[in-house]
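Worksheet for the structure shown next.
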Amino acid sequence: MAKLLLLSSRLGRAVLALPLLYLSYYCNSKFDRETLVEIIPPILEKGFIPHPTHPVPILNGVFGWKFANDVFRPISVMFSPSTMGFDPLAWWQMVFFLTDLGPVAGELVKDDKRKGLKEEYVPFLLPLMLVMHYGWVYAMFFGETMEGRHYWTWMWQAAPLWIGVMNAILAKTIPTGWVKESNKVFGKGALSLVVAGISMGMWWYVILKSEFSLWEVFVPPGGGWEKEFVVNTRGILQYDLLCSFGGLLVWSFGLMVDLWAAGAVNLEELLGGFAVLAIAGVLGGPGVALLNAWWWREKRLQRAAAVEEKKN
């Protein structure tokens, strides 16, 4: 009866969606737009990021499109306390957050692949992500000059666009035979292994090297904040991390429960899957847990498809 309710009833589906809806509401309520509107524009007007050692000039634009420059300019300022390290706690939080977005992107791409993403688009994703996501994140947080970090923050914001465009160009220009061979090396399995390894490495880098506890890095302090540039931007980005990964993990749990409701797995296997996710989260962080959830579900879907094929 419970399975039928979850699978077919609108009420059941609505119940499963409640945690996601609450997280959306919670994150939106914590995103203090009013304070940002008070704090960021004066910095933009002065044209310099208030770094303690020396003011860093704010770029007016990097792209040839005014609308994009107008959107990315204030965001580049918002990221500056973390990327430039004059908020050490935010530096640790954001270098982990942006690194851990790799598994999220990989998971979404693999879902698209099952829904119809053409095979020739797959092998280029890993090299492009290494250069245009991880490489640019590294330059943002470990670059030698503050001006360079500021520039790469601009570039990284448009990374999904660059990766998509370059992926399409390469897929249409590289010979088909090479693509088929490359899929054996750079296919979805390799993508998962590499991004999981990078995320796990960053997870342990934060645990072992940070002077702050994981609680301090990821959980914003309770109560109200003073209207101060560093404190406010850090808190907003901490809530962004918690709600983003919290929502993705809840979504993954829901997809796993869907398989149980559909009869593709029994309750014991479902609980075992939850245990694997918990272990993966402890050992590798939330991004690795998400990848494990995707692979757990993928294997069960393939098994169910094979059973259906035998019946037919």
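The values are calculated or read from the model by the stated rules, or taken from the named source; none is laboratory data. Note that this is a predicted model, so its numbers are computed, not measured. Virtual Cβ from ideal backbone geometry, glycine too; neighbours counted across all protein chains shown.
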For the condition closer than 28 Å to Gly85 by Cβ, touching a helix residue (DSSP H, G or I) at 6+ places or on another chain (Cβ under 7 Å), part of a helix (DSSP H, G or I) and of a type outside the set (S, T, N, Q), what is the one hit in Gly287, Gly254? Gly287
When the residues of region 190-232 are narrowed to those that are among the β-branched types (Val, Ile, Thr) and either more than 30 Å from Pro41 (Cβ to Cβ) or crowded, with 20+ Cβ neighbours inside 10 Å (or both), which ends up farthest from the chain's Cα centre (by Cα)? Ile207
Counting just the residues of region 233-281 that are of a type in the set (Gly, Ala, Ser), more than 24 Å from Ala196 (Cα to Cα) and surrounded by fewer than 16 Cβ atoms within 10 Å (Cβ to Cβ), which one comes out modelled with the highest pLDDT? Gly263
Per the filter on region 46-64, residues closer than 17 Å to Trp156 by Cβ and assigned to a loop (DSSP other than H, G, I, E, B) are Ile58, Leu59, Gly61, Val62, Phe63
